[in-house]
Amino acid sequence: MTHRREIALKCNRHCGNYWRMVFSHPFLAQTLLLILIGQDTQKIENGRSFFKKYIPIIKKIAAVSRQPVTFAHASSSSLRIERFCDSSNLFFTVRNNGAEAINSIVEINVADLCISENIAAVEMVSGKKIKTENNRIIISIPGGRTQVFQVK
């Protein structure tokens, strides 16, 4: 088994979708593995821009707890949702396990989450507001990709 695959499997068991976001980008994954096993400083330097983009998001998600019950569901069966939160932050990672891009609706159960019925969502990588309507987040996710949303 390759180092990349071995680390990815360990991370998947413990961390879920946000690690899949890292490992779905081949250059980022390779660079992260090189850092972990301490090789090839040139590739590490080449990957710096990717780390500046993704590591702050991963740190925010890692700082809160993964919750076993999402209180959210998607209109497409190809999407996998995970929830991460603490008393003041609520994040959802949404993974498109299919090969094709999907336009879907993620419905948030605000009553069970004890949050306001007027939710707003921000996609964490781009920083763009995502269209929401009646406790639903309207998303478009490319095949094989993960997106991270912060809900307020």
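Each value in this text was obtained by applying a stated rule to the coordinates, not by laboratory testing. All of these numbers come straight from a predicted model, not from anything done at the bench. Cβ coordinates were reconstructed from backbone atoms using ideal geometry, including for glycine residues, and neighbour counts include every protein chain displayed.
Odds and ends about this structure:
- Pair Glu100, Ser88: separation of 7 Å Cα→Cβ label points (nm): 4.4 nm
- Per-residue Karplus couplings for the stretch 90-101, computed as 6.51 cos²θ - 1.76 cosθ + 1.60 with θ equal to phi - 60°, are listed in order as 9, 10, 10, 9, 10, 10, 8, 7, x, 8, 9, 5 Hz, Gly and Pro entered as x.
- Scanning residues 5 or more positions from Ala72 or on other chains, those with amide H under 5 Å from its amide H are Asn109, with H placed 1.01 Å from N in the peptide plane.
- The stretch 91-152 pair-distance distribution - Cα-Cα, 10 Å bins, rounded %: 23, 54, 22, 2
- Residue pairs exceeding 21 angstrom between C-alpha atoms, taken from Lys53/Lys131; Lys52/Lys152; Lys131/Lys152; Lys52/Lys131: Lys53/Lys131; Lys52/Lys152; Lys52/Lys131.
- For Ile119, residues with placed amide H under 5 Å, excluding near neighbours: Asn135
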